[in-house]
1. Once fully extended, how much extra length lies between E208 and E65, figured as 0.36 nm per residue of separation less the alpha-carbon to alpha-carbon distance?
2. State the extension gain, in nm to one decimal, for the chain segment bounded by K243 and A163, taking 0.36 nm per residue of separation less the distance between their alpha-carbons.
3. Taking neighbour counts of Cβ atoms within 10 Å as a proxy for exposure, in what order, fewest first, do L54, L196 appear?
4. Taking the mean number of other Cβ atoms within 10 Å as a proxy for protection, how do you rank 211-217, 33-39 from highest to lowest?
5. Amide H to amide H under 5 Å from T28: which residues, 5+ apart in sequence or cross-chain, H placed 1.01 Å off N in plane?
6. Just grab the label-to-label distance for A226 and F193, each label 7 Å out from Cα along the Cβ direction, in nm (one decimal).
7. Once you've got the Cα coordinates, tell me which of K133/K214; K133/K243; K162/K214; K134/K162 are over 29 Å apart.
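Values quoted throughout were computed directly from the atomic coordinates according to the rules given, and no laboratory measurement underlies them. Keep in mind the model is a prediction, meaning the values are calculated, not measured. Here the Cβ positions follow ideal geometry from the backbone for every residue, glycine too, while neighbour counts run over all protein chains shown.
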Amino acid sequence: MKKAFAMLLSLALLLGAAGAMAESTTITMGTNAGFAPFEYIGDDGEITGFDVELAYLMAQEMGMELVIEDMYFDGLLAALDQGTVDFVMAAMTINDERKEAALFSTPYFNASQAVVVLEDYEGIQTVEDIADKKVATQDGTTGYFMALDTFGCDASNVAAFKASTDCVLELTSGRADCIIIDDSVAQNFLQNFDGLKIVEGLEMPLEEYGIAVKLGNEELLEKINAALQTLVDNGTYDEIYAKYFLAAEETEGAEETAETEEAAG
Ligand code: ARG
């Protein structure tokens, strides 16, 4: 009887230790998986994308197993602060406000906002034209804040959706005149929905995406930066970049590829 109890006890201890080990070797990423090509639900139902592929490899570099928590974009930094997630990777633009709420990695991607309209729409030629338009954006994003603060739109004219693709419906149904969203995501909309175009020639500030960790967690930040650097140095970053950002353009003709290369370098 005593022996059985001792055996049970050691089994429990063993299981407990295994549990603790499993816990310490996983790392949880918070994202908003409705932002293709950075993070989205793939055909197999799994979350994938440029950020996600990088994140899996970064976790591997750090010797940890990646767990992904999908949530609303505007809740990500709070989740980080509460410790629900260890880091946030969500095509998130580094800016001063967010730097008060989190620590950011070295920038890993350059972006800017793009304005998407219906193909035959000519109502926006310059950024000044945006002020009196009805705008669709994703909640909590730089596009949303730019509509209000930079372009001077009235709040009643700026719709903010939890899901970025709802912006497309708002536009095609005629409830919005334009969408303001990150350029690569705008490109992705054009590839997936007919009858849209991006307004060319608008001056938009450069945005840099960063990976966020909780304030004070310099230790994890250093590991993330080191893992990212390794993937850049060994060419993996470029491979994943090509897969998501060059493959699609090849099918669209040489002209557009040339433009993109110019913009990138
Ligand atoms: N870059 C923009 C921002 O930081 C939009 C990011 C939205 N990302 C997402 N996964 N929904 O505000």
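1. On the way: separation 143, 0.36 × 143 = 51.48 nm, distance 2.63 nm.
Contour length minus the Cα-Cα distance gives 48.8 nm.
2. Values: separation 80, 0.36 × 80 = 28.80 nm, distance 2.42 nm.
Contour length minus the Cα-Cα distance gives 26.4 nm.
3. Details: L54 22, L196 19.
Ranking L54, L196 by Cβ neighbours within 10 Å, fewest first, gives L196, L54.
4. Values: 211-217: 19.6, 33-39: 23.0.
Highest-to-lowest ranking by the protection proxy: 33-39, 211-217.
5. Correct list: V67, D86, F87.
6. Simple spin-label model gives 4.4 nm for this pair.
7. Numbers: K133/K214 37 Å; K133/K243 35 Å; K162/K214 23 Å; K134/K162 17 Å.
Pairs exceeding 29 Å: K133/K214; K133/K243.
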